[in-house]
1. Output the residues belonging to segment 254-299 that are aromatic (Phe, Trp, Tyr) and on the phi > 0 side of the Ramachandran plot.
2. In segment 89-102, what residues are within 15 Å of the ligand (Cβ to nearest atom) and surrounded by fewer than 20 Cβ atoms within 10 Å (Cβ to Cβ)?
3. So which residues in segment 151-175 are within 16 Å of the ligand (Cβ to nearest atom) and modelled with pLDDT under 95?
4. Between a first residue in segment 159-176 that is within 11 Å of residue 114 (Cβ to Cβ) and among the charged types (D, E, K, R) and a second residue that is within 11 Å of the ligand (Cβ to nearest atom) and part of a strand (DSSP E or B), which pairs have beta carbons less than 9 Å apart while being 6 or more apart in sequence or on different chains?
5. How many of the residues making up segment 202-227 are part of a loop (DSSP other than H, G, I, E, B) and away from the ligand (no atom under 15 Å from the Cβ)?
6. When you scan segment 48-58, how many residues do you find that are more than 20 Å from residue 266 (Cβ to Cβ) and either assigned to a helix (DSSP H, G or I) or at pLDDT below 95 (or both)?
7. Pick from segment 294-323 the residues that are over 25 Å from the mean Cα position of the chain (by Cα) and assigned to a strand (DSSP E or B): which of them is surrounded by the most Cβ atoms within 10 Å (Cβ to Cβ)?
8. Quickly run through segment 176-191 and pick out the residues that are under 16 Å from residue 108 (Cβ atoms) and either at pLDDT 95 or above or of a type outside the set (Gly, Ala, Ser) (or both).
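The values are calculated or read from the model by the stated rules, or taken from the named source; none is laboratory data. Everything quoted here is computed from the prediction, not taken from an experiment. For neighbour counting, all protein chains shown are included, and Cβ atoms are generated from backbone atoms with ideal geometry for every residue, glycine included.
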Amino acid sequence: MPLVVFAGVEITTMNNVFNFSAGPAMLPAEVMSQAQAEFIDWQGSGCSVMEVSHRGKAFIEVAAAAEQDLRDLLAIPDNYKVLFSHGGGRGQFAAVPLNISKSSDTSLHIVSGSWSKGAVTEASKYNQAKVVAEVSQKDGLNYMAPPSLENIDASAAYLHFCPNETVDGIAYNWLPESGEVPLVSDMSSCILSAPLDVSKHGIIYAGAQKNIGPSGLSVVIVRDDLIGKARRETPSIFDYDLMAKNDSMYNTPPTFSWYLAGLVFKWLKAQGGLAAMESRNKEKAAILYAAIDSSDFYSNPVHPDNRSIMNVPFLLAEESLNAVFLEKAESAGLRALKGHRSVGGMRASIYNAMPKAGVLTLVEFMQHFEKQYG
Ligand SMILES: Cc1ncc(COP(=O)(O)O)c(C=O)c1O
C-alpha cells in the first residue's frame, strides 16, 4: 500500500485513492492491509477466516472479541444484548416492528430524511406507523427541529428516528423526549463516529457498511426488556430472543464481515476510542464546510444546526458542471463524490476511515476547480 506524505502528514492510502463512497464505504487502510495479510492463511490455519466453521473455537473467539471490543468502545451496559445480524439496515426496518410491536400497535416516527422515511414505509406493513415530526425548512435550508413530544401516545410501541441521514446529510445530536416509549435509533451512518449514551435507547441498529465493516452485516444493540416479544411470524433469523440465546449464530452468520468488523473495532481502540474519533471527525467536517462556506461556487443545502459530520452534500453553482467535476475528481483519485440520485449534486462521505489528508486533498481540488470553472 502506498505511503503518501500530504500537508506534512504521512498517510497510508489504498492505491493513492480517497474513496468518498456513502456505503459500502472505505475501511481503514491498516485494517485492509491486515485482512490482506491474513486472507489465505488465517492464524496459521492454512485457510481463510471465511473458510472455517463459525462453530469452531477459533471463530468463536474472534466473534466474542469483536463483541467485547464493541461493548468497550460504546460502554454498552450489561442489560443490553449485542446481536450480529444479517439483513443490513433495511432488515431492521422490518425486524424492529416484528420484535416489539403487535399489528394493532402504534409506532411513532421522526422523519428527518430519506432513510427514516423508508423505515416508516416498512413499519406500516407491520403496525400502525405514525409520523410525529418531519424535516422542514429554515432560512431556505433543510432543518430538523427537536420535536415537542409532550402529547405523544404513551402507549406507542416505540419511537423510531435516524440521527444521521446518509442521503441528505442531515444530522442532529438531540435525543427525542419520548418518556416511557422506547427509542429506536437507526445509526447506520453515524455509529462509532462519537461516544454515545446507549442507556437512553431501547434499540440501536446499524448496517455495517459505513463505520463498521463490509455490507451484509448489521449490529443491533437491544435492551433486555425488549427481547422475547417477537411475533410468531417473525423470521427466526430476525427474532432477537433466538438470536441472543444463540450468540447470533442461530444460522450461519456473515463470518467474514464479523471478523473484519472485529479488526475495525481494534483499530478504533488503537486510535484512542470514540472521543478521539469524534474530535478527528469534527475537524475533518469543519475543514470541508469552511471551504464550502467561503465560496460562492459551492453550497450546502442543510441548516448549520443540522450539518452531518459524516455525509457532506454540496451543490455546484452550475448544475451543468457536475459531470466534468466528477470526471476530474475521479482522475485526481477522489472517488464516489456523486450525490444520491434522489438529491443530485455531490456528497462527500467522510466516515472514521477517511484520513484528514483525504479531506484536505478534496478541498484543494475544489478550489482548483472553482478557479478554472467558477
Ligand atoms: C441511515 C441508513 N439506514 C438504513 C440504510 C439501509 O441499509 P441497507 O442497505 O444495509 O439495508 C442505509 C443505507 O445506506 C442508511 O444509510
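1. Going through segment 254-299, the residues aromatic (Phe, Trp, Tyr) turn out to be 256, 258-259, 265, 267, 289, 297-298.
Those that are aromatic (Phe, Trp, Tyr) and on the phi > 0 side of the Ramachandran plot: none in segment 254-299.
2. Listed by number, the residues that qualify are 90, 94.
3. Across segment 151-175, the qualifying residue is only 173.
4. 165/171; 165/311; 168/311
5. Matching residues across segment 202-227 total 2.
6. Step one: filter segment 48-58 for residues more than 20 Å from residue 266 (Cβ to Cβ), giving 51, 53, 55-56.
After this cut, where a residue has to be either assigned to a helix (DSSP H, G or I) or at pLDDT below 95 (or both) as well, the list is 51.
Final tally of qualifying residues: 1.
7. Only one residue fits best here, namely 298.
8. 176, 177, 180, 181, 182, 183, 184, 185, 186
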